[in-house]
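Shown next, in structure tokens, is the structure this report addresses.
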Amino acid sequence: MSHTDIKYAQSVSRWEPNARGRLEQAAMELYIERGFEQTTVAEIAKRAGLTERTFFRYFVDKREVLFWGAGRLQELFVATIIESPESDAPIDAVANALEVAAALLQERRDYSRQRQAVINANTGLRERELIKLATLAVAITDALRQRGVKDPAASLTAEAGIAVFKIGFERWITATVQQDFPQLIRDSLDELRVVLGGTQSSA
């Protein structure tokens with residue numbers, strides 16, 4: 001292959017659209033414009049310039065466009081908790097996972113705000129979001145058990161972590177100016193410690 005051919009191939013690769021990203025963007029635009037229930041898979045595919053067959057290669061249905069990242073987020077939580085230093089208290093191991101997840105989401109604030117608006121407007125999607133959080137709480141509990149944390153401490157810590165994440169997330173997406181999501185997680189956790197009569201973290 002000539003040098004010119006290589007440069008052309010690199011250019012094509014660099015500008016090749018990401019199908020999943022295009023579908024996700026198209027779906028979000030349509031959900032905001034028309035509403036979730038009024039949007040069809042065919043319309044999403046058309047807006048993205050792709051086929052319905054391509055859509056179903058990435059998503060089971062139009063709901064999954066909003067929830068496909070849940071598995072990745074759960075894996076991140078579990079791995080961070082398990083890999084946290086053995087000296088960390090259970091709540092500190094969970095706090096580590098919360099901050100890592102917040103840092104991952106930090107650059108997607110606009111998308112997160114739009115996604116939450118779509119979910120809040122639909123009863124079925126709100127139920128799906130609650131199921132996602134409940135599943136995440138179970139995964140966190142199991143990860144804590146792997147660290148040797150007994151019940152009910154493992155379950156209580158997991159539920160507290162989910163509560164901190166939800167409150168920090170709400171603060172993050174509703175703030176009039178962009179806030180640091182990991183810092184909001186730390187702030188929410190510190191407030192929980194105060195309520196429980198503990199001490200604030202040193203962060």
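The values are calculated or read from the model by the stated rules, or taken from the named source; none is laboratory data. Fair warning: this is a prediction, and the values are worked out from it, not measured in the lab. Please note: Cβ atoms are built from the backbone with ideal geometry, for glycine as well, and neighbour counts cover all protein chains shown.
Some notes on this structure:
- The listed residue being of a type in the set (F, W, Y), surrounded by 15 or more Cβ atoms within 10 Å (Cβ to Cβ) and in the same structural domain as F165 (by TED's automatic domain parsing), out of F59, F77: F77
- Flag if Q106 is surrounded by fewer than 18 Cβ atoms within 10 Å (Cβ to Cβ), in contact (Cβ under 8 Å) with a residue 60 or more places away in the chain and not aromatic (F, W, Y): yes
- Tally, over segment 67-96, of residues that are over 29 Å from G124 (Cα atoms) and part of a loop (DSSP other than H, G, I, E, B): 6
- Checking each residue in segment 29-45 for being more than 16 Å from V60 (Cα to Cα) and surrounded by 15 or more Cβ atoms within 10 Å (Cβ to Cβ) picks out E29, L30, Y31, I32.
- Hey, V118 farther than 19 Å from L73 by Cα and either surrounded by fewer than 17 Cβ atoms within 10 Å (Cβ to Cβ) or touching a residue at least 60 places away in the same chain (Cβ under 8 Å) (or both) or not: yes
- Top-ranked residue of segment 166-187 - restricted to ones that are buried (at least 17 other Cβ atoms within 10 Å of the Cβ) and either among the basic types (K, R) or touching an Asp or Glu at 6+ places or on another chain (Cβ under 7 Å) (or both), ranked as farthest from E107 (Cα to Cα): R186
- Only listed residue being closer than 19 Å to L192 by Cβ and under 17 Å from the mean Cα position of the chain (by Cα), chosen from A102, A117: A102
- Among the residues of segment 59-96, the ones that are of a type outside the set (D, E) and closer than 20 Å to E37 by Cα come to 8 in all.
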